[in-house]
Amino acid sequence: MAELYSVPKLEDYSPAAMDAAVRDLLNALEQEAAKLSGENDWKAFRDRWMSRKSGVLMQITEWLKLAPKEQKRDVGQRVNEVKAKIEAAVDAAEARVNSQASSARLVSERVDVSLPGNRRPLGVKHPVLRVQDEIVAVFKAMGYSIGEGPEVESDYYNFESLNFPPNHPARDTQDTLFIAGQEKKQQRDRLLMRTHTSPVQIRTMEKQRPPVRIVIPGKVHRNDALDATHSPVFHQVEGLCVDTNITFSDLKGTLDHAFKSLFGSSVKTRFYPSFFPFTEPSADMQVSCIFCGGKGCRTCKFSGWIELLGCGMVDPNVFEFVKGNGYDPAKVSGFAFGMGVERIAILKYGVDEIAKFYLGDVRFLEQFA
Ligand code: DAH
């Protein structure tokens, strides 16, 4: 690398010698300016030529100081000219460096307006929630309101007030998950994960005098192993209607209408005797198979019917627990029902495994978008 220009000490201040000295200096200025690239280079260049402490410009004022008296005027003029040239060169270099930088940026940051934009797909309702909302909407249209209750429930609401006597075998059919460490509590106060949405029937009747027409969607928990159709956590929609003169035909008419709305007007419903502690009489409701229209296929096990929910007339023993709030079993009557949301979603969409609803696999879920 060529050595950098440095300001010589002058011995000869004659105009010819000054011409030569100024020419050397301006040549060096021009050459250094031409090599600059980038802001850092430019800053070093500016400091080297103009810094107040030791810049070239500072050093050539020595020329003026040391010049013999009779040359001072001439030398002074030349120093002023050089000063103007250095300043102009530094300014011009700055402008050049800046415009190089911005054109470099233009090349690297050019926007291609023909590229597709960033897609941010919108989320949609999960299929289980969607079916749950559809069920609720059907009852809402019939004048039902919507209720909810806690998932951690007491034995009293989940069992006792629903007419499950203590130690009754019907409790075992619900495979309950209890909260640990409650041995000291009385049985009725022990906490558990609610096994069904039915406890919200009692909670509703404690708060609201008759008449009541309510649907209760929500999550329930059972100590069940996961298989194609069972999951330890699933969803139910509960229904309760209490008024004067409510009969079993009201129950049948309401559920028949609801399932025609959900599955199409050609489905039929039928009611089979069953048992639940909180209804008397109790029934299982079946719909005509939505896959074969009732002719018989693998899904309906060639029976033509599919069991969908439990229901019945509210047992007078249940009303006894809320009698003080206007539910005198001699004066009011009612029906109740409870259905599994996943079970209905599985049928509606032909899903083969309940677990697919919970795995969060977008390839499965986006089919419902
Ligand atoms: N709670 C019941 C279950 O989880 C379902 C049920 C049956 C709810 C009959 C009701 C009913 O309200 O009347 O198996």
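The values are calculated or read from the model by the stated rules, or taken from the named source; none is laboratory data. Since the structure is predicted, the reported quantities are computational estimates derived from the model, not experimental observations. Every residue, glycine among them, receives a Cβ derived from its backbone with ideal geometry; neighbour counts consider all protein chains shown.
What the table shows:
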item: Answer residue from the range 190-206, given it is part of a helix (DSSP H, G or I) and without any contact (Cβ under 8 Å) to a residue 60 or more places away in the chain and is nearest to Asp172 (Cα to Cα) among those; result: Pro199
item: Conditions (1) in contact (Cβ under 8 Å) with a residue 12 or more places away in the chain; (2) in contact with a Ser or Thr (Cβ under 8 Å, 6 or more places away or on another chain); number of the one not met by Gly296; result: (1)
item: The lone exception for Gly324 - which of (1) surrounded by fewer than 19 Cβ atoms within 10 Å (Cβ to Cβ); (2) part of a loop (DSSP other than H, G, I, E, B) it fails; result: (2)
item: Residue among Gly326, Gly310, Gly340 that alone is within 14 Å of the ligand (Cβ to nearest atom) and either outside the structural domain of Lys252 (by TED's automatic domain parsing) or touching a residue at least 40 places away in the same chain (Cβ under 8 Å) (or both); result: Gly340
item: Filter result for the condition that a residue is closer than 19 Å to Pro8 by Cα, surrounded by fewer than 14 Cβ atoms within 10 Å (Cβ to Cβ), of a type outside the set (Asp, Glu) and more than 60 Å from the chain's Cα centre (by Cα), over Arg73, Arg78, Arg52; result: Arg52
item: Subset of the range 105-131 (residues that are assigned to a helix (DSSP H, G or I) and either in contact (Cβ under 8 Å) with a residue 12 or more places away in the chain or under 18 Å from Gly360 (Cα atoms) (or both)); result: Pro127, Val128, Leu129, Arg130, Val131
item: Within the range 218-233, tally of residues that are within 13 Å of the ligand (Cβ to nearest atom) and either aliphatic (A, V, I, L, M) or more than 20 Å from Phe164 (Cβ to Cβ) (or both); result: 3
item: Residue within the range 299-314 that is in a loop (DSSP other than H, G, I, E, B) and buried (at least 16 other Cβ atoms within 10 Å of the Cβ) present; result: yes
item: Condition met for Phe275 (outside any strand (DSSP E or B) and either assigned by TED's automatic domain parsing to the domain that holds Gly143 or of a type outside the set (Ser, Thr, Tyr) (or both)); result: no
item: Filter result for Leu262 (in contact (Cβ under 8 Å) with a residue 40 or more places away in the chain, in a helix (DSSP H, G or I) and within 11 Å of the ligand (Cβ to nearest atom)); result: no
item: Inter-residue pairs, beta-carbon under 9 Å, first more than 23 Å from Ile306 (Cβ to Cβ) and in contact (Cβ under 8 Å) with a residue 40 or more places away in the chain and in the range 345-369, second among the hydrophobic types (A, V, I, L, M, F, W, C) and in a helix (DSSP H, G or I), 6+ apart; result: Leu365/Phe357
item: Filter result for Ala33 (in the same structural domain as Ser102 (by TED's automatic domain parsing) and over 28 Å from Asn98 (Cβ atoms)); result: no
item: Residue within the range 132-143 that is of a type in the set (Asp, Glu), away from the ligand (no atom under 16 Å from the Cβ) and either touching a residue at least 12 places away in the same chain (Cβ under 8 Å) or outside any loop (DSSP other than H, G, I, E, B) (or both) present; result: yes
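Every residue, every condition in (1) hydroxyl-bearing (Ser, Thr, Tyr); (2) surrounded by fewer than 21 Cβ atoms within 10 Å (Cβ to Cβ); (3) near the ligand (Cβ under 10 Å from one of its atoms), yes or no:
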site	(1), (2), (3)
Val237	no, no, yes
Asp250	no, yes, no
Ser266	yes, yes, no
Thr269	yes, yes, no
